[in-house]
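A.B. asks: My questions will all concern the structure given below.
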Amino acid sequence: MASLSSTLLVTFYLTFTLLLLLLCSHVVTARYHHHGHRGHHNNKKQHKHNSQISYPPSISPEPSPSAGDEGVYDVRSFGAVGDGVTDDTEGFKAAWDAACQVESAVIHVPVGYSFMIQSTIFTGPCQSGLVFQLEGTIMPPDGPESWGSNKSKRQWLVFYRVNELSLQGGGVIDGRGEEWWNLPCKPHKGPNGSTLPGPCDSPIAIRFFMSSNLTVQGIKMKNSPQFNFRFDNCKNVHIESLHITAPIWSPNTDGIHIEQTSNVEIYDSLVSNGDDCVSIGAGCYDVDIRNLTCGPGGHGISIGSLGNHNSRACVSNITVRDSVIKQSDNGVRIKTWQGGFGAVSGVSFLNIHMDNVRNPIIIDQFYCLSKDCSNRTSAVSVSDIEYSSIKGTYDIRSPPMHFACSDTIPCTNITLSDIELLPAKGELVLDPFCWNAYGGQETLTIPPIFCLLEGNPPSVFENNDLGYCSSS
C-alpha cells in the first residue's frame with residue numbers, strides 16, 4: 001500500500017512539473033512574439049513591388065500603436081482634440097518636439113478623429129527612425145478667409161531638415177481646396193481660360209524640404225489647394241501606395257512634384273487630379289516610377305517645365321514603367337522653355353498603357369503659357385529618350401506622337417519600339433509631328449513615324465549643354 005502511494009505521488013509530481021514547463025514556454029513565446037511585432041514600425045527598407053496597381057489599404061498595414069506603448073506620442077496626450085473645429089496646431093507641435101528627441105519614436109494620429117492644423121513647419125534634425133503614423137484625418141483651415149493672417153499661404157505642412165522620417169498609415173489628408181480653386185486669379189474662372197486680378201497664393205499641402213531617407217506610404221490625399229506633395233532638395237525618397245484625388249478642373253493640383261531631388265522611387269499609387277500626375281523639375285536624377293495610375297483627368301507624367309526665365313536645368317536617369325494613363329490631356333511629356341540651358345538625358349518610358357489620351361507621347365521645347373513668348377536661340381537639350389511598349393488609345397484632336405524640338409539645339413537619339421496607338425474614336429491619325437528631332441524606330445510603329453531625322457546633327461557636337469550638367 002505504501003509502495004502504491006509513493007508511485008502515485010511521483011506520478012503526480014512529474015505531471016505537475018511537465019505542465020509548469022509547458023506553461024512557462026508558452027508565456028516566453030508570447031512575449032517574444034509581442035516584442036518582435038512592435039519592431040516593425042519602421043519598415044521603410046522592406047519594399048515589395050507587384051506587377052499590378054496596389055491600392056492603399058483602408059487601414060494601416062501595420063498594427064496601430066496605442067498611447068500606452070513605449071515611444072508612442074499620441075497627439076491627444078499633448079492637447080489635440082480632434083473634433084474638426086478646434087485648432088490642434090499646438091498639440092501637434094508639442095508631440096513633434098517630444099518625439100523628435102527619441103530614437104524610433106511614433107507620433108500617433110488616431111483613427112476616428114479629425115484634426116484641424118494651421119500652416120506649420122515641423123523642423124529637424126530629429127533622432128533617426130521617426131514615424132508619423134496617420135490613422136485619422138488632418139486638415140487645414142477651410143479656405144483663404146479662415147487662414148491665419150500671419151500664416152504662409154504658400155504652404156501648409158512642411159517637414160524641414162529631417163532625416164529618416166516615415167509618413168505612413170491608412171489615414172486621410174483633406175486639403176479642403178475648393179475655395180482656393182475658386183479664387184478669381186485661377187485660369188478656369190476667367191473667360192476662355194484667362195485670369196482675373198486678385199490674390200493668388202495657394203498652399204502646397206505637404207512639403208519636404210532639405211530632407212533625406214524619407215518614406216511616404218499608404219496615405220489618402222484629397223482636394224489639395226495646390227500641389228499635393230512636393231519634395232525640394234531631398235534625397236532617398238520612397239513613395240508607395242498613395243491615393244491622391246481632386247476634381248479634373250482643380251488648377252495646379254500636381255500629385256507629386258520633385259525639384260532638386262535624387263534617388264526617388266514612386267510605386268503602386270493612384271493620382272486623379274487637375275494637373276500633372278507626377279512632375280519632375282530641375283536638378284532631379286535617378287528617379288524610378290512604377291505601377292502608377294494617372295487619371296482620369298490631369299496632364300499625365302511630365303518632365304518639366306524646364307528652363308523658364310533663362311534658367312539652368314539638368315535632369316537625368318528617369319524611368320517610368322508598367323503604368324496606366326487614362327483620359328488625360330497628355331501621356332508622357334517633356335516640356336522646356338526657350339532661352340534656358342542644361343540637359344534632359346537618359347529617360348525611358350516603358351510598358352505604358354494609354355486610355356483615350358490626347359497627347360500620348362510629346363516633347364515640347366517651345367513650351368509657353370501665353371501667346372507672346374519670343375524665339376530664343378538657347379534651349380535645354382533633350383537626348384537619349386526611349387519609348388518602348390507604349391500602347392492604347394488616343395484622342396484624335398492631337399497627333400499621338402509630337403516631337404517639337406528647338407531650332408538651334410535639336411533633340412537627339414530618340415528611339416521608339418513596340419508602339420501601338422489607335423484612335424479612341426474616329427479615323428487613324430497618320431501624320432505624327434516632328435520638328436528638328438533625330439532618332440529612329442527599332443520596330444514598326446502604329447501609326448508609322450517617318451519624320452524623325454537620322455543620325456546626329458553637326459551642331460549637337462558644338463553645344464556644351466551636357467557639360468553644364470556634369471556636376472549633378
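A.B. asks: Contour minus end-to-end for residue 391 and residue 249, with contour as 0.36 nm per residue of separation and end-to-end as the Cα-Cα distance?
C.D. replies: Details: separation 142, 0.36 × 142 = 51.12 nm, distance 2.63 nm.
Answer, rounded to one decimal: 48.5 nm.
A.B. asks: Set the Förster radius R0 to 51 Å, insert the Cβ-Cβ distance between residue 111 and residue 407 as r into 1/(1 + (r/R0)^6), and round the FRET efficiency to 0.05. Display every interim value, and only then the final one.
C.D. replies: Working: r = 57 Å, r/R0 = 1.13.
My answer for the efficiency is 0.35.
A.B. asks: Distance in nm between label sites at residue 127 and residue 97, each 7 Å beyond Cα in the beta-carbon direction?
C.D. replies: 1.7 nm
A.B. asks: Please list 114, 146, 269 in order of solvent-accessible area, largest first, computed with a 1.4 Å probe with all protein chains present.
C.D. replies: The residues order as 146, 114, 269, largest area first.
A.B. asks: Per residue, how much space in cubic angstrom lies within the convex hull of the C-alpha atoms of the stretch 197-356? If you can, show how the numbers build up before the last one.
C.D. replies: Working: hull volume 17.3 nm³, N = 160.
Roughly 108 Å³ of hull volume per residue.
A.B. asks: On to the next question. If R₀ is 30 angstrom, what is the calculated FRET efficiency for the pair residue 178 and residue 415, using the beta carbon separation as r and rounding to 0.05?
C.D. replies: 0.10
A.B. asks: Also, quick follow-up: Would you kindly state how much longer the chain becomes between residue 424 and residue 86 on full extension, computed as 0.36 nm times their sequence separation minus their alpha carbon distance, in nm to one decimal? Can you show the working numbers first?
C.D. replies: Details: separation 338, 0.36 × 338 = 121.68 nm, distance 4.98 nm.
Difference between extended and current length: 116.7 nm.
A.B. asks: Hey, rough spin-label estimate for residue 104 and residue 201, points 7 angstrom out along Cα→Cβ, what's it come to in nanometres?
C.D. replies: Computed distance between label sites residue 104 and residue 201 equals 4.2 nm.
A.B. asks: Over the stretch 124-164, with every protein chain in place, what whole percent of the accessible area is carbon and sulfur at 1.4 Å, could you tell me?
C.D. replies: Numbers: 630 of 1680 Å².
Answer for the stretch 124-164 is 37 percent, counting heavy atoms of protein chains only.
A.B. asks: While we're here: Could you check the spin-label model distance between residue 371 and residue 185? Points 7 Å from the Cα along Cα→Cβ, value in nm.
C.D. replies: 2.4 nm
A.B. asks: A further question on this structure: For the stretch 355-431, build the convex hull from the C-alpha positions and give me its volume per residue in Å³. Walk me through the numbers before you get to the answer.
C.D. replies: On the way: hull volume 8.2 nm³, N = 77.
Considering the Cα atoms of the stretch 355-431, their hull volume per residue is 107 Å³.
A.B. asks: Jot down the radius of gyration and Dmax of the stretch 86-176, Cα atoms only, both in angstrom.
C.D. replies: According to the Cα coordinates of the stretch 86-176, Rg and Dmax are 13.1, 39 Å.
A.B. asks: Something else now. Take the solvent-accessible surface of the protein heavy atoms, probe 1.4 Å, and return the percent of it on the stretch 366-443 that carbon and sulfur atoms account for. Walk me through the intermediate numbers first.
C.D. replies: Values: 1960 of 3850 Å².
Roughly 51 percent, rounded to a whole number.
A.B. asks: Once the whole set of protein chains is in place, how much accessible area is left on residue 208, using a 1.4 Å probe, in Å² to the nearest 10?
C.D. replies: 0 Å²
A.B. asks: Per residue, how large is the accessible surface of the stretch 348-472? Use a 1.4 angstrom probe and give square angstrom.
C.D. replies: Values: 6440 Å² over 125 residues.
Accessible surface, normalised per residue, equals 52 Å².
A.B. asks: Probe radius 1.4 Å, ligands and nucleic acids left out: which of 266, 446 has the largest accessible area, and how do the rest follow?
C.D. replies: Details: 266 0, 446 70 Å².
Largest accessible area first, the list is 446, 266.
A.B. asks: Over the stretch 215-335, with every protein chain in place, what whole percent of the accessible area is carbon and sulfur at 1.4 Å, could you tell me? Don't jump to the answer; show the numbers that get you there.
C.D. replies: Numbers: 1230 of 3090 Å².
Reported share for carbon and sulfur atoms: 40 percent.
A.B. asks: Can you compute the FRET efficiency between residue 160 and residue 312 using 1/(1 + (r/R0)^6), with r the Cβ-Cβ distance and R0 = 25 Å? Round to the nearest 0.05.
C.D. replies: Values: r = 25 Å, r/R0 = 0.99.
Calculated transfer efficiency: 0.50.
A.B. asks: Could you run the Debye sum over the Cα atoms of the stretch 124-232, one equal point scatterer each and no solvent, and tell me log10 of I(q)/I(0) at q = 0.14, 0.19, 0.22, 0.23 Å⁻¹, two decimals?
C.D. replies: Those come out to -0.62, -0.99, -1.18, -1.24, one per q.
A.B. asks: Provide, as a two-decimal number, the C-alpha radius of gyration of the stretch 321-472 over 2.2 N^0.38 Å, N being how many residues it has.
C.D. replies: Values: Rg = 15.3 Å, N = 152, 2.2 N^0.38 = 14.8 Å.
Taking N as the residue count of the stretch 321-472, the ratio is 1.03.
The values are calculated or read from the model by the stated rules, or taken from the named source; none is laboratory data. Values in this document were obtained by computation on a predicted structure and should not be read as measured data. Counting neighbours? That spans all protein chains shown, and the Cβs are built from the backbone with ideal geometry, glycine included. When the accessible area is computed, the model is the full protein with side chains, heavy atoms only, and any ligands, DNA or RNA have been set aside. Shrake-Rupley method; radii C 1.70, N 1.55, O 1.52, S 1.80 Å.
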